[in-house]
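Only the coordinates and a few stated rules stand behind these numbers; no lab work does. All figures in this text were calculated on a predicted structure; none of them were measured in a lab. Note that each Cβ is placed from the backbone with ideal geometry, even for glycine, and that neighbours are counted across all protein chains shown.
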Amino acid sequence: MFSEDLFQFVLEQFADEIGGQVAPQPPPLQTDSYIARSAMQKAIRRGMTDLALRAAATLIAMDQRVLWRRLIVTAMEDQGVGEVDLLSRIVAASRDRTWRHKVGGDWRVISALIRKACACTRCQSANDLWNIAGNDPDLAVFKSGLCDADLGDLLAFICDERQPVTHRGVAVLVAMGEEAGPAAPTHIRPDPGAVFAAFANAGSDSHVAVTYEYAFRQARFSLAPLSLCLWSESRGIELSGEDDDLPPVTWLGDIPRFALDQYTRPGLAAIRRYAYSSRPWRDFAERWRIARADWPKAAGELLFRVEGAVVTNRRVWGTGKRLYEKSGGLGCFMPEAAVTDGMVLIVRELTLIDKLRELSLPTT
C-alpha cells in the first residue's frame with residue numbers, strides 16, 4: 001500500500017536524524033494524567049522543552065496510548081499545516097513499536113519528537129477554523145442551506161478552493177458528523193472516509209492527505225480534514241513566527257498553574273469557585289447577560305485564551321491571521337463584543353484565580 005511505503009520512508013529519514021542523539025529520561029511530574037497532558041501540550045505551545053519532556057515522562061509511565069494521541073492532537077492543533085512533516089513522523093512512529101525499539105526505544109523517539117515540536121513554528125489556523133465553523137452566527141444561514149444538500153454535494157463543495165474556507169469548514173463538520181444544533185442537517189450520514197477520499201481525488205498532495213487521514217483514525221479529531229482545507233493556501237509561506245503576549249508563569253511545586261485549566265479536575269473546581277464568588281466577575285457577567293449556568297464555562301474559556309492557548313513562534317500568514325482574528329471573539333459563551341473586556345478582567349484576576357487553583361490541587 002502507498003501509505004505503508006510513505007510511513008516507512010518517513011521513519012527511515014527520522015531514524016537517520018535521531019541515531020546519535022542522547023536522550024536521558026527526566027523525572028516525571030508528581031501529578032495525574034490529565035494535568036500531565038495539559039502541561040505537555042501547553043509547554044510545547046510555549047517552547048518550554050524541559051517541562052514538556054517531564055510531562056511526557058509522566059505520561060509514558062501511565063499510558064502510552066494517551067501520550068501518542070496527545071502528541072497527534074497537539075501537532076494538529078498547534079503546529080498545524082506549516083509542520084506537516086512533524087505530524088507525519090508522530091503518526092508513523094506511533095504505529096510501529098518494532099521500529100521504535102530498533103532505533104533506541106520509546107523514550108528516544110518521543111523525546112526527539114517533543115524537542116522538534118518545541119522548536120518549530122506554531123499555527124492554530126485549523127483550530128480557529130473549527131471554532132468559526134461551529135460558532136460564527138454569520139454562518140447560520142449557510143448551515144441551514146445545507147439541509148437540501150446530499151453527501152456528494154458536500155464533498156464537491158469541501159474540495160472547491162474557490163469557496164470561502166470558513167464555509168468549506170462548515171461543510172466538513174457536517175460531513176464528519178460534528179455539526180449539531182437546529183441549523184444542522186439531519187439527513188446526511190457522516191462519512192469521514194469519503195471526506196478524505198474526496199480531498200485525495202481533488203488533487204491534495206498524496207502524502208499530506210494520507211498523513212491527515214491516519215491522524216484522524218488515531219485521534220478521531222476533525223482538525224484533520226479542516227487542515228486539508230487550509231493546505232493549499234499555506235504552501236510556500238515563509239516559516240517565520242512571532243510570540244503571543246504570555247503572562248508570567250507561576251508554579252505549584254513542579255506544576256505550572258497554567259496546566260490547571262477547565263479540562264482538569266482541580267482547574268475546573270477553581271474556576272467554578274472563582275465564577276460564583278468573585279464580585280468583579282459577577283458584575284461583568286451580569287452586564288453582558290451571560291447565563292448564570294454558563295459563568296464557569298465562560299470564565300474557563302477566557303482563562304484558557306489568556307494563558308493556555310497562547311504560543312511562542314506563531315506562524316504569520318494571511319489566511320491564518322484572518323482566521324485567528326475572527327476566532328478570537330467566538331465560542332466564549334458570551335457576546336463577541338464582551339470577549340476583549342472579559343480577557344482584561346481575567347488578567348486582573350489571575351492572582352486570585354491562582355490562589356484558588358492552589359487550594360483545589362490535591363496534596364501528595
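Is the C-alpha gyration tensor of region 251-360 telling us rounded, prolate or oblate? Criteria: a/c under 1.5 is rounded; beyond that, a/b larger than b/c is prolate, otherwise oblate. Mind dumping the intermediate values first?
Working: a/c = 2.23, a/b = 1.18, b/c = 1.88.
It comes out oblate by the Cα gyration axes.
Going down the list LYS116/LYS143; LYS42/LYS143; LYS297/LYS326, which pairs span over 30 Å between their C-alpha atoms?
LYS116/LYS143; LYS42/LYS143
Roughly speaking, what is the stretch gain from TRP251 to ASP5, that is 0.36 nm per residue apart minus the C-alpha to C-alpha distance, in nm to one decimal?
Working: separation 246, 0.36 × 246 = 88.56 nm, distance 4.52 nm.
Result: 84.0 nm gained on full extension.
Under the classification rounded if a/c is under 1.5, otherwise prolate if a/b is larger than b/c and oblate if not, where does the chain fall, given a ≥ b ≥ c as square roots of the Cα gyration tensor eigenvalues?
Here the chain falls in the oblate category.
Assign unit charges at the C-beta atoms only (+1 for Lys and Arg, -1 for Asp and Glu), then state the dipole size of region 251-360 relative to its Cα centre in Debye, rounded to the nearest 20. If you can, show how the numbers build up before the last one.
On the way: 19 positive and 13 negative charges, 31 e Å.
The dipole magnitude comes to about 140 debye.
Hey, if you put +1 on the Cβ of every Lys and Arg and -1 on every Asp and Glu Cβ in the chain, which of LEU67, VAL174, ALA194 ends up farthest toward the positive end of that dipole?
LEU67
Quick one: dipole size for the chain, taken about the Cα centre, charges +1 on Lys/Arg Cβ and -1 on Asp/Glu Cβ, in debye to the nearest 20.
Dipole size: approximately 1200 debye.
Which Cα, out of GLY253, LEU350, CYS332, lies furthest along the positive dipole direction of region 251-360 (beta carbon charges, K/R +1, D/E -1)?
The one lying farthest along the dipole's positive direction is CYS332.
Mind checking the full-extension length gain between VAL347 and ASP160? Use 0.36 nm per residue of separation minus the Cα-Cα distance, one decimal, nm.
63.2 nm
Pop a pseudo-label 7 angstrom from the Cα along the beta-carbon direction at both GLN13 and ARG217 and give the gap in nm to one decimal.
The modelled label-to-label distance comes out at 2.0 nm.
Answer rounded, prolate or oblate for region 283-332, using the Cα gyration tensor with square roots of eigenvalues a ≥ b ≥ c: rounded when a/c is under 1.5, else prolate when a/b is larger than b/c, else oblate.
Verdict is prolate for region 283-332.
Give me the number: length gained by fully extending PHE142 to ARG189, i.e. 0.36 nm times residue separation minus the C-alpha to C-alpha distance, one decimal in nm.
Separation in residues times 0.36 nm, less the Cα-Cα distance, equals 15.0 nm.
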